[in-house]
1. Under a Cβ-only charge scheme (Lys and Arg +1, Asp and Glu -1), can you give me the dipole magnitude of the chain about the Cα centre, in debye to the nearest 20?
2. Say we join alpha carbon atoms closer than 10 Å with springs in a Gaussian network model of the chain; which of Pro177, Pro189, Pro148 then has the biggest fluctuation?
3. Where the centre of each part is set by its Cα atoms, how far does region 68-92 sit from region 170-244, in angstrom?
4. In angstroms, what radius of gyration and Dmax does region 3-330 have, counting Cα atoms only?
5. I'd like the Karplus ³J(HN,Hα) series for region 214-227: coefficients 6.51, -1.76, 1.60, θ = phi - 60°, whole numbers in Hz, and an x wherever there's a Gly or Pro.
6. What is the set of long-range amide H partners of Leu276 at a cut-off below 5 Å, with H atoms built 1.01 Å from backbone N?
7. What's the whole-number percent of alpha carbon pairs in region 151-205 lying beyond 16 angstrom?
8. Hull surface divided by four, with the convex hull built on the Cα atoms of region 147-251: how many nm²?
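Values in this text are rule-based calculations from the coordinates and carry no lab data. Given the structure is predicted, the values throughout are model-derived calculations rather than measurements. Positions of Cβ are backbone-derived with ideal geometry, glycine not excepted, and every protein chain shown enters the neighbour counts.
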Amino acid sequence: MGEEASIVVVHDELRRYDLPFWELLVSRGGEVVRHEWHGVAPGQPYRLYSMTKPITSAAAVLLAREGALGLDEPVARHLPAFAGMRVWPGVPARSPITVRHLLQHTAGLSYGAFLDHPVDDLYRERGFGSPPRPRGLAAFVDELAELPLLFEPGTRWNYGYATDVLGRVLEVVRGAPLDEVLGELILRPLGMTETTFRPATAVPLHHLDGRVTYTTPLEEWGFLSGGGGLVGTMRDYHRFARWLLTTGLLRPSGDVVDLAEAAWATPTPGHYDGRLFGLGVTTWRTGGYGWSGAAGTTFAVDPWNDAIVIFLTQVLSTPYTKEITELLTSSPFPTSSETRWKETRNT
């Protein structure tokens, strides 16, 4: 299938999902080769939700490169509340949680929303469900440390509040609030002037039951969430993704773990769709990487073909996110008819 034919197929498939609005950008070699939108004007801000995580993770890796933060040092060095953690049902943890565990979601933390497990029950009882009870980031993290871990740190994979804890680590290391830390390390150097924790106006968020709400993550959660609190535009996220591609900062390497791939077959604890996980991003054995957000946003970087694809919409908990991600990363579009993008699981 030729590239133009592939674009038509993808465009038609996106329309099939009947999303209220969406925006799609594809670039290759630093040049935007396709920018499509439906029901929205370019420049629309989007709640990025978990597409905030790669930005927070990149800041942590930058600090590690500077020598200000060690990936394998205990989190308790910066957050004393995480000393002496216990694993459900109350067994002392044999190993401390490290910064790398936070980056790779192998710390034993949860979201209190996805699992049928006593630890998730405790999360919900203590106000750590989805969304969490509003409180400041320091209080949020300290209270989170009072709860038991799902498993011994570094032994399994489970999606949870790890990147929010990481955001607090960044605050302590830099001695500044998270918005200032990300602004200094990522947003201002890349010219991401439209990305913020504090948008001037609330973004319309569509729900599956037809409701539309107008709030900001900071208003809902009460803290600067390094795991899901940023609002940004297509232009800004493309700048970030292009920087990732050219610097190789989060490119898969020896930091990739296979615990996430195994987690999909071990639903208690841990659930995932069967891919590897690196430092803040899911990865493919082919070298590509990316991540998605709760409102249907997704991005992927393909170093082999010097290509980036970003898709943005605002439908909370849409069931189509995984399908759209697979559509954009497994077809000949956007890389070439000889794409190396699609994951080869048996190699």
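1. Computed charge dipole of the chain: roughly 400 debye.
2. So, out of Pro177, Pro189, Pro148, the one fluctuating most is Pro189.
3. The two parts, judged by their Cα centres, are 27 Å apart.
4. Just the Cα atoms of region 3-330 yield Rg and Dmax of 18.8, 58 Å.
5. In residue order, the calculated couplings are 10, 9, 10, x, 5, 5, 6, 9, x, 9, 6, 8, x, x Hz.
6. Thr283
7. Values: 873 of 1485 pairs.
Of all Cα-Cα distances in region 151-205, 59 percent exceed 16 Å.
8. Working: hull surface 37.1 nm².
Taking the Cα atoms of region 147-251, their convex hull projects to 9.3 nm² on average.
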